[in-house]
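Notes follow the structure.
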Number of protein chains: 2
Amino acid sequence: MSEATGGKPNTGGSRRADRLLEVREERRGSRPGDTYIRIVRPYEELFERGDDGELIATERTVLDRPGWTRALRAFRTFLIGRPISSQHEGHERLTKIKALAILSSDNVSSSAYATEEMMRILVLAGIGAISLTMPLTIVICAVLAIVATSYWQTIKAYPDGASSYLVASDNLGYRAGLVAGSALLIDYTLTVAVSISAAVAAITSVVPEMFAWRVAIAVSIVLVLMMGNLRGIRESGTIFMAPTYLYIVTVLVMVGIGLARLATGTMPEYIPPPEWLAAEQGGQALGLLLILRAFSSGAAGLTGVEAVSDGVPAFKPPEWRNARITLVWAAAIFASLFLGISLLASQLGIVPDPNEEQTVLSQVARVVVGDGPYFVTIQVATVLVLALAANTAFADFPRLSSFLARDGFMPRQFAYRGERLAFTTGIIALCGFAALLLVVFEASVTSLIPLYTLGVFLAFTLSQASMVVRWWRRREHGWQRGLAINGLGAVTTGVIALIVVESKFVAGAWMVVIAIPLLVMLMLAIRRHYRNVEHGLALERIPPGGRVDERPIVIVPIARLDEPARRALAFANSVSTDAIAVHVTNDADTADGLRDAWPEWAGEAELVVIESPYRALIGPLLAYLDVIGRREPNRTVLVVLSEFVPRHWWENLLHNQTALRLKLRLFGRPNTIVADVPYRIRA
Amino acid sequence: MSEATGGKPNTGGSRRADRLLEVREERRGSRPGDTYIRIVRPYEELFERGDDGELIATERTVLDRPGWTRALRAFRTFLIGRPISSQHEGHERLTKIKALAILSSDNVSSSAYATEEMMRILVLAGIGAISLTMPLTIVICAVLAIVATSYWQTIKAYPDGASSYLVASDNLGYRAGLVAGSALLIDYTLTVAVSISAAVAAITSVVPEMFAWRVAIAVSIVLVLMMGNLRGIRESGTIFMAPTYLYIVTVLVMVGIGLARLATGTMPEYIPPPEWLAAEQGGQALGLLLILRAFSSGAAGLTGVEAVSDGVPAFKPPEWRNARITLVWAAAIFASLFLGISLLASQLGIVPDPNEEQTVLSQVARVVVGDGPYFVTIQVATVLVLALAANTAFADFPRLSSFLARDGFMPRQFAYRGERLAFTTGIIALCGFAALLLVVFEASVTSLIPLYTLGVFLAFTLSQASMVVRWWRRREHGWQRGLAINGLGAVTTGVIALIVVESKFVAGAWMVVIAIPLLVMLMLAIRRHYRNVEHGLALERIPPGGRVDERPIVIVPIARLDEPARRALAFANSVSTDAIAVHVTNDADTADGLRDAWPEWAGEAELVVIESPYRALIGPLLAYLDVIGRREPNRTVLVVLSEFVPRHWWENLLHNQTALRLKLRLFGRPNTIVADVPYRIRA
């Protein structure tokens, strides 16, 4: 025996495992020092041996299974690749440059649609109202400053990542955490839907012919993202830096060119298509409500500000300091882009396309840099950064669901890592929900925005409020200042959340208002279920183990004397001396034949014939089990069913599915165990 | 012990049954003659005791099952009634009066549409061509005479019933039998579809408003017939005589009135709606093909002539003589009705309604007896006799399928009698096919007729040809005359079958031409399958029984130490000393915990820990079973799965269906038996 089994003498199992696996060394020759020969194990491609004598499954146990799943497996491997061992799970640290690109993509990419969505609301009060775009942009940037400063605080307090769910659970209790968690799940789903819709709008701005296919294109992009994430995309790849920086640089350069042209008076004139103007002679009054609606739409641009604070552990040390620097940079870049685009759009008098075929950003770019390759480059960068933003949701949603599942609030499948180490269930669920939104809202950013903003600001508010509570409780050094900052953040974001509910309720926020409490209730119900199960299964209430049941009474229903019956009986006799064959029939003649042939045929098993004048099989058999059960209520009844396995599925139609029906009926029966003895016809 | 167990000492089973059932008598007092007290059996409501010591299940075993099927059962009992014991299976003998009513309904009711269907073809060559109706009717009546005479022969030769399937199988071999059987199955299905369509036409003739609902009405009638037959309608009920005789009498009286009015010149004038005339100015030439098509349509009226000869065993003795007399009467009555209706329709110059809202018969009746209660009576009688005709198919189709299933040509479910002694599968299948035809052909008699006639005449031909072969082989007294009669019958019906194929091929007969060989091939394939299975299962090739397998190796996959795992292990330990618990994990810590807790917990079972770095559970477990199997290839492996049974179905979503997936994968594994240990959470 090797050292492998020396570790834990109390297991027993490893000894057995060795015996079965024939892992042993044999000594050739009789003196010490003679060669040891390791016996070749014919199955060593299936298992390796671990430290404590346990077996470690190799990749082949997953890949090379025979049977009907082989084709399925081949297809799966083709789509998402070969399984990855848990050993390869690891955390790569990000430089600030990389972190900025990856963590800010959600926030930065919002600048592609934030200006436009404000303008779309303002234009309802007429073209003149568009002049409010710039003031509103400045207000939103002020809010950004407050929110960013708040998260600047949070970063140091939660160096392990400051997801609103964790922070709110930690400080306000798990119910508040669930509200934040639900808001974030909705938010992530909408991040995918809105970003992809905006990406498709950026595409149709260049190629208007594809407008008719926008939903199909959007759903296809989501499917590609799902596939990529199931394969286990490493976000840390340098390739993922490209879209963000390309977008930032191209748009900032365009803004620079635009400002220069404005200053020098060389800006070409913008003439909106007259039918757009006609379509948008909106008769609404420019009241407070409309302005608040426009503000709410623009505030959607702030989504993703929290990403840096969620991702603190991914930074190189000192994590919190690097994260803070990155947060400031991200906010500054977003503000520059947003202000620049809004300024140009206002100055040029851009009118949003009522059909949503052309984006405002593409119109601005067309006027400023002309319809040439630079314009196309901006659009391509926009599509890529928006896709990257959607991709961050494909990391965030599954991770948050795995936290929720780990805490028992979501089905535990969400906590399992798939073969490629990705949270498969969460990824597929996100893809499904996002695709549903895209189909229902026809990939329109404007239709989706009212649903988007509320979840974001609710999560902001809960997170900031948690920080307030935390400062108050801990009274650490500088707590007054921290409390003031986070308090301002909480109040600001809370007020905005209320503004969103108020101004966007009819347009779609009502769905989120309903969905969040429903999700919270569902999550609580799920945890209640798991707790009940836990309570029911827990071993504490159970007498100490090692008990061996009395031998079961074995019942073997047989239809006639054939090979399946013989196999079932042989099995029954092998596990119990109390086997009883039961023959239910409505044909007295065959019953007599069976009885006559029985003694020389059936070994120890006894035969009970039940005549069934109503020709039913299952009812009388169950009744017989009841009788047996009443006689010996504490003994387990083992029902042995021989099941015929046809070579082709359609052949099942030619056989009564009695075994299947019986199994269904027996499944709920107390003290009853069903054993299936499959019988396959040899060709 | 009572006398009940004295019969067959070699069974052993009855002794055991008694012991378990506590059937015993105890003597009170010590002297002979003291009272015996029969122990009260708490389960005697479930079982009675039969002669050979077998148990006889009572109705309660079928009715009073607890669990989720109770509601289903209650609904079923509500729909089709309580189960009927096989003891009540019996044959009632029919008087000639009753037999005529029941067995001739199919044939007699055809007179309601035969005239019309001829006229519909003839009118394609213009209104004048309708004058050919009467000559064609006479030709068809001549054919009827030949067919009836042929069956008159058959009746005596096959006193046990002369279904074409049986007669053809008997004389021409099973392949010819299958052709006849397939033709008859199609024929019976079309009998339902055509009769119900004609019945609905008789309804819409009175209430044209219901025309839009004709398909729904037709399908509803079929469903009612199905339900009635599932309940096990006794055709012999006197109530079933009423429609046939009511129809015969009312129509014959109408024909009498019509002839009298024609003779006395008091017949009101018939003026067809001008738009009908316009619609039917058919441009087709009155060629031979058109006449043959009209003849084929009218020949559909001969369906059901064979019913009397099929039903010989139902007659009172002397069966064959009574059947022959009934056959002659049935043919004579049909001929009178058919000739009478055709004569009146021709004389009145009736034009068929191109919309199929009004039947020709109803138009004739309206003219002859006016639009009053007598007209309605005729229509009601028509509806009823047609429904009765459809109902005979609900007896014939399941009976024929049961013959075919008994011989292995159809799925054996068709041979089982349901709880109400009816052939449930056949009844439901017929209902499904007929409803499909009604929906596809929109309950139009004219559309269905081309499919109908071919099957009928193919079955006639095969039946008559069989008789020819039989006469030739047996050379019994009078064989020359018999052979001549059946030969004439075979040739006549064969020629008509060819005419139908020729003239109706495009209109729909092609479907039957394709369907019959397909059905025959399917039936042969089914029998081949059953034979293969039989061969595979048969005991002859197997060493004599009584063998007891070596104890199985028992594998218990466990996820953690909880109550379900304990129960599974307790069961495993109770049936084998070779139980091995297998824990597949990707978490080394829980594995260590499990291992530490194991010795004081698990009785004789050993523990094998398999680390699964790819997080898969099923693959490594199957691989381990492979390893075990390679070590001891001849021992059975019993896999014990503890399966969690949630209280509500939706709770399944919260648990991985690992047990289910494992079962699916293990089902095809050689030498592997799966035992399910369900575990139900107590509230």
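Could you state how much accessible area B:LEU537 has, in square angstrom rounded to the nearest 10, with a 1.4 Å probe and all protein chains kept in place?
20 Å²
Which percent of the accessible area of the range A:116-532 is formed by carbon and sulfur heavy atoms (probe 1.4 angstrom)?
69 percent
Once phi is turned into θ = phi - 60°, what whole-Hz ³J(HN,Hα) does the Karplus curve with 6.51, -1.76 and 1.60 give for every residue of the range A:464-472, x standing for Gly and Pro?
5, 4, 4, 5, 4, 4, 5, 4, 4
Which whole number gives the average, over all residues in B:564-575, of C-beta atoms from other chains lying within 10 Å of the residue C-beta? Before the final figure, lay out the partial values.
Values: counts 2, 3, 8, 6, 1, 5, 7, 7, 2, 4, 11, 13.
That average works out to 6.
In 10 Å bins starting at zero, report the fraction of Cα pairs in chain B per bin as a rounded %.
Computed distribution, short to long bins: 3, 12, 18, 18, 14, 12, 10, 8, 4, 1, 0, 0.
Ignoring ligands, DNA and RNA, what accessible area per residue does chain A give at 1.4 Å, in Å²?
On a per-residue basis, chain A sits at 41 Å².
Taking Cα atoms, how many degrees apart are the long axis of helix B:214-231 and the longest axis of chain B, rounded to 10 and kept between 0 and 90?
Approximately 60 degrees, to the nearest ten.
Could you order B:ILE628, B:ILE499 by accessible surface area, starting with the largest, using a probe radius of 1.4 Å?
Greatest to least solvent exposure: B:ILE499, B:ILE628.
Please report how far the C-alpha centroid of the range A:355-419 lies from that of the range B:201-252, rounded to the nearest whole angstrom.
Taking the Cα centre of the range B:201-252 as reference, the centre of the range A:355-419 is 66 Å away.
Of A:VAL376, B:VAL305, which has the most accessible area and how do the rest follow, probe 1.4 Å?
Details: A:VAL376 60, B:VAL305 5 Å².
These residues rank, largest area first, as A:VAL376, B:VAL305.
Need one word for the range B:553-680: rounded, prolate or oblate. Basis is the Cα gyration tensor (sqrt eigenvalues a ≥ b ≥ c); a/c below 1.5 gives rounded, then a/b vs b/c decides.
The shape class here is rounded.
Just to confirm the number: angle between the C-alpha axis of helix A:658-667 and the first principal axis of chain A, 0 to 90 degrees, nearest 10?
With both axes taken from Cα atoms, the answer is about 70 degrees.
Using only Cα atoms, locate the centre of the range B:299-352 and the centre of the range B:617-638, then give the distance between them in Å, rounded to an integer.
71 Å
If I compute solvent accessible area with a 1.4 Å probe over the protein chains, what percent of it on the range B:553-680 is carbon and sulfur?
52 percent
Would you grab the residues whose amide H sits under 5 Å from the one on A:THR636? Only those 5+ places off in sequence or on another chain, please, with H modelled 1.01 Å from N.
Under 5 Å from the amide H of A:THR636: A:ILE553.
In percent, how large is the relative contact order of the range B:427-585, given Cα pairs closer than 8 Å and 6 or more residues apart?
17 percent
Computed on protein heavy atoms with a 1.4 Å probe, what is the summed buried accessible area for the chain pair B and A, in Å² to the nearest 100?
Using a 1.4 Å probe, the pair buries roughly 11600 Å².
Relative contact order for the range A:357-511 using alpha-carbon pairs under 8 Å, separation at least 6, rounded to a whole percent?
Taking the mean separation of contacting Cα pairs over the length of the range A:357-511, I get 16 percent.
Can you sort A:MET467, A:MET134 by 1.4 Å-probe accessible area, starting with the largest?
My answer, sorted largest first, is A:MET134, A:MET467.
Residue by residue through the range B:452-463, which ³J(HN,Hα) values in whole Hz follow from phi under the Karplus form 6.51 cos²θ - 1.76 cosθ + 1.60 (θ = phi - 60°), with glycine and proline marked x?
Here the 3J(HN,Hα) series is 6, 4, 4, x, 4, 6, 5, 5, 3, 4, 5, 5 Hz.
Taking beta carbons within 10 Å but only from partner chains, what does the mean come to for residues A:666-672?
Rounded to a whole number, the mean comes out at 4.
Can you tell me, using C-alpha contacts under 8 Å and at least 6 residues apart, the relative contact order of chain B as a whole percent?
18 percent
How big is the equivalent ellipsoid of the protein assembly as shown along its three axes, where each semi-axis is √(5λ) from the Cα gyration tensor, reported in whole Å from largest to smallest?
With the √(5λ) rule applied to the protein assembly as shown, the semi-axes are 73, 53, 27 Å.
Could you tell me how many degrees, from 0 to 90 and to the nearest 10, lie between the Cα long axis of helix A:133-157 and the main elongation axis, the longest principal axis, of the Cα atoms of chain A?
Computed tilt is about 50 degrees.
Lysines near A:LYS316 by alpha-carbon distance under 30 Å, same-chain residues fewer than 8 away left out - which ones?
Reachable lysines: A:LYS96, A:LYS98, A:LYS156.
List every residue whose amide H lies under 5 Å from the amide H of A:VAL582, counting only residues 5 or more places away in sequence or on a different chain, with H placed 1.01 Å from N in the peptide plane.
A:VAL556, A:ILE558, A:VAL608
Please list, ordered by chain and number, the residues whose modelled amide H lies under 5 Å from the amide H of B:TRP598; skip anything fewer than 5 residues away on the same chain.
none
Tell me, what is the 1.4 Å probe accessible area of B:ARG680, in Å² to the nearest 10?
110 Å²
The values are calculated or read from the model by the stated rules, or taken from the named source; none is laboratory data. If you're wondering where the values come from, they're calculated on a predicted model, not measured in any experiment. Cβ atoms come from the backbone with ideal geometry, glycine included; neighbour counts cover every protein chain shown. Keep in mind that these areas ignore ligands, DNA and RNA; they rest on the heavy atoms of the full protein, side chains included. Shrake-Rupley method; radii C 1.70, N 1.55, O 1.52, S 1.80 Å.
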